[in-house]
Every structure is written in structure tokens, then in C-alpha cells.
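The values are calculated or read from the model by the stated rules, or taken from the named source; none is laboratory data. The structure displayed is predicted, hence computed values, not measured ones. Heads up, the Cβs are rebuilt from the backbone with ideal geometry, glycines too, and the neighbour counts pull from every protein chain shown. Quick note on the areas: whole protein, heavy atoms, side chains included, nothing else; ligands and nucleic acids left out. Shrake-Rupley method; radii C 1.70, N 1.55, O 1.52, S 1.80 Å.
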Amino acid sequence: LADAGVADLRIVNRTQARGEAVAAAAAATFVPWERRGAALGGAALLVNATTLGMTGAPPLELPLADLPADAIVTDVVYAPLQTALLREARARGNTTVDGLGMLLHQARPGFAAWFGAEPQVTSELRAFVLGSS
């Protein structure tokens, strides 16, 4: 997002030192974990890049009251595919994006290294992966 030129980028992290370091590297604003709900005010995009909400992990406790109704919400968690965050955001009317696309695109370099062919992430591949689970 920083490389794409997003001017108002907010980083929220459970660990202050790590959050501050990431924010500094991205020329972003660090927001303490305790203020995560308030950090959503005026946001156009919310990305959960934690494991919170993943099967076997604690839930992500994130109040969405300050999130604009037209904001997009994405969760890199892919198990479960429809996380509580995505369900709550969709119920509020937000557009949501699940974590399967991230998982598929993340797998491309490893697949290419092992098999010498660059796979294409397509709707057919997504459907195949969903049908395999």
C-alpha cells in the first residue's frame, strides 16, 4: 500500500515496537492496539494481516462501528474462508475479500521454484481449491 502511494496508511499491531518499526518502514502512522477501533474512522480499506480469527487462533476482536460503510474489508486468513470479521463486515454492507487469493498468489513462487512453471491464479484454480477442501 505504501508503494502504491496510499497517503493515509495506519498500522495497528499488538506489539508496539513491531508496529512502530513497520509503520516507520512504510512511512505510515502507528496506532496502538488499544485504539484499533478508532483507527478505522475514514478508512477506505481494512486489512487483517494477523492470524487472529484463524481456526485454532483466538478471535479478532475489532469493533467496526467507526468503519465507513463503503470501506473494503479483507482478511488474509483462509481457514476458515469466511471469518467472523468478514461476516460482520458483510452484514454491515461492506465489500469483503477472503484470504484465498492471497494464499494462491503467495504459492506461485514456490510452485515455480519446485516445478519450473509459473502457475496462473484463475477463477478455475480458485474453484478447484475450494472443491478440494
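Here are the numbers for this structure:
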quantity	calculated
Surface per residue (accessible, 1.4 Å probe) for the chain, Å²	62
Protection proxy ranking of 57-63, 67-73, 114-120 - average other beta-carbon atoms within 10 Å, highest first	67-73, 57-63, 114-120
Amide H contacts of Val73 (H built 1.01 Å from N, under 5 Å, at least 5 apart or other chain)	Leu46, Thr95, Thr96, Val97
Normalised contact order of the chain, rounded percent, pairs of Cα under 8 Å and 6 or more residues apart	15
Option label - Kirkwood radius over Cα pairs in Å computed here, alternatives (1) 15.4; (2) 23.5; (3) 16.3	(3)
Förster-model FRET efficiency, 30 Å R0, Arg87 and Ser132, C-beta, rounded to 0.05	0.85
Solvent-accessible ranking of Thr83, Thr96, largest area first, probe 1.4 Å	Thr96, Thr83
DSSP H segments from the chain that extend 20 Å or more along their own axis, Cα-based, with Kyte-Doolittle mean of 0.0 or above	100-115
Dipole magnitude of the chain, debye to nearest 20 (Cβ charges: Lys/Arg +1, Asp/Glu -1, about Cα centre)	180
Computed helical MRE - 222 nm, the chain, DSSP H runs ≥ 4 contributing -39500 (n - 2.57), nearest 500	-10500 deg cm²/dmol
Cβ-derived FRET efficiency at R0 35 Å, Ala38 paired with Glu118, nearest 0.05	0.25
Of all accessible heavy-atom area on the chain, the percent that carbon and sulfur account for (1.4 Å)	59
Between region 52-75 and region 1-42, the alpha-carbon center distance in angstrom	15
